[in-house]
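Each remark here refers to the structure printed beneath this line.
Quick note: the coordinates plus some simple rules give every number you see, no bench work behind them. Given the structure is predicted, the values throughout are model-derived calculations rather than measurements. Quick reminder, even Gly has a Cβ in these numbers, built from the backbone with ideal geometry, and neighbours come from all protein chains shown.
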Amino acid sequence: MQNKKLKIFIIAGEVSGDVLGARIMRELPDAEFVGVGGENMACAGLKPLFPISDLAVMGAIEVLAHARTLTKRIKQTVHAIINEKPDVVLTIDSPGFAHSVISQIRKSSAGRDLIAHGLRFHHVVAPQVWAWRPGRAKKYARDFDKLYAFFDFEVPYFTKYGLETVAVGHPISDGLIGKKLIKTSEKIVTIIPGSRMSEVKRLMPLFCDVVSGLGADKYKYVIPVVETTREYVTKCVRDWPVSVEILDSSARYDLYAKTYTAIAASGTVTAELAMLHIPTIVVYKMNPITIWLARRVINIRWVSLVNILLGRGVYPELLGADATSEKVIAEFKKLTNVSARTKMAHDLAAADNMWSRNGNTPARIIADDLRLLKPNTK
């Protein structure tokens with residue numbers, strides 16, 4: 001009798017999960033995959049049940065507007081899992097959808113039968129319970145049998161409720177940790193206004209004032225943009241007093257590798273810059289009411305992930321009312337000092353082992369763990 005293949009029902013509801021899901025699939029060529037994913041997972045061999053765009057909905061109003069579609073997709077996914085009888089359901093982020101699917105399976109008699117014969121639920125990406133709503137950890141322990149978190153410090157938040165949790169490193173570290181920097185005679189200042197139009201509109205006037213203060217004599221300015229913000233950013237820089245190069249975001253890593261100093265909107269990009277040890281100033285403009293609300297519910301001192309990981313302000317953060325051109329320029333001038341730049345790079349290097357796990361990628365660690373599962377008896 002031939003050995004039965006491990007069958008994995010994989011679910012990714014957004015682009016980042018789709019990318020990671022495809023990497024996991026490629027690490028497990030002998031497993032059978034069914035489920036929900038996007039174009040990356042389709043290229044890896046998945047035949048998605050439905051378009052991933054049906055799940056990529058953010059915001060309360062948007063969710064309500066798509067409630068009928070989401071309800072339909074939840075039921076469709078539950079039925080598919082029961083019919084496919086997988087050995088494990090692997091959900092990647094999209095916690096609301098994952099919770100709805102799993103809770104319905106656990107309540108159904110057919111689902112309980114599958115669980116009795118070995119069906120397990122594994123989830124990738126721990127919610128940021130260390131920042132807000134810590135009660136979610138207990139909810140995750142009810143939903144899942146195993147959690148793959150990105151960082152070691154996240155693990156105890158979930159294991160205290162009995163949820164087996166493994167730290168696998170951050171997916172964007174794959175290919176970034178150890179990437180060689182490019183030496184250039186130009187002092188490139190990379191300006192990163194973000195990917196959402198709302199944040200770009202808030203930050204572009206600030207960046208205009210900053211480059212006006214720094215001048216064009218010593219520096220070359222480059223802005224990486226996504227397709228949705230390209231036109232707006234291009235129009236803005238036409239009126240700036242210095243020349244600015246617009247670059248497609250897909251080429252950003254090579255740009256970062258030769259960047260002298262970056263001035264970046266708070267977000268995932270600051271983690272990318274930290275992995276490359278690029279001197280960076282983090283800025284963010286927010287509505288005063290948003291700031292007030294955030295301070296009431298968020299339990300962290302910093303917003304940059306590298307600062308949170310290291311427990312100190314390696315990257316200067318200028319947020320809200322502190323995000324002025326004068327303060328940004330003052331921080332920039334500090335980073336023209338060689339010793340200050342060297343110290344920042346040294347501090348950033350201290351986080352390298354937190355981003356990745358001794359050279360292993362998150363996809364490989366997750367795949368190796370899944371390989372240990374035995375096909376169920378149903």
*Specify the residue with the greatest mean-square fluctuation among ARG357, ARG312, ARG23, computed from a Gaussian network of the chain linking alpha-carbon atoms under 10 Å apart.*
ARG312
_Applying a 10 Å radius around every beta-carbon, put 107-120, 270-283, 134-147 in order of their mean neighbour count, most first._
270-283, 134-147, 107-120
*Given only helices, namely DSSP H runs of n ≥ 4 each adding -39500 (n - 2.57), what is the per-residue ellipticity at 222 nm of the chain, to the nearest 500 deg cm²/dmol?*
-13000 deg cm²/dmol
*Considering the dipole of region 188-353 built from charges on the beta carbon (Lys and Arg +1, Asp and Glu -1) around the Cα centre, which of VAL303, VAL269, TYR221 is farthest to its positive end?*
VAL303
*Based on the Cβ-Cβ distance of ALA216 and ARG26, what FRET efficiency does E = 1/(1 + (r/R0)^6) give at R0 = 35 Å, to the nearest 0.05?*
0.15
_Exposure proxy ranking, count of Cβ atoms within 10 Å, fewest first, for THR324, THR91_ = THR324, THR91
*Just for the Cα atoms in the chain, what are the lengths along the principal axes, largest first, rounded to whole Å?*
73, 44, 38
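Can you tell me what percent of all Cα-Cα pairs in region 1-159 are more than 25 Å apart? Provide the component values of the computation, followed by the final result.
Working: 3720 of 12561 pairs.
More than 25 Å apart: 30 percent of the Cα pairs in region 1-159.
Give the order of SER212, SER198 when sorted by the count of other beta carbons within 10 angstrom, beginning with the fewest.
Neighbour counts put them in this order, fewest first: SER198, SER212.
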*Of the lysine pairs in region 126-196, how many meet both conditions: Cα atoms under 30 Å apart, and a spacing of 8 or more in sequence or different chains?*
5
_Suppose every Lys and Arg Cβ carries +1 and every Asp and Glu Cβ carries -1, with no other charges. What dipole size does the chain come out with about its Cα centre, to the nearest 20 debye?_
820
*Take the alpha carbon gyration tensor of region 187-287, find the square roots of its eigenvalues, order them as a ≥ b ≥ c, and report rounded if a/c is under 1.5; if not, report prolate when a/b exceeds b/c, else oblate.*
rounded
*Three-way shape call for region 63-142 based on the alpha-carbon gyration tensor, with the a/c threshold at 1.5*: oblate
*Charges only on Cβ, +1 for Lys and Arg, -1 for Asp and Glu: so what's the dipole of region 150-242 about the Cα centre, in debye to the nearest 20?*
360
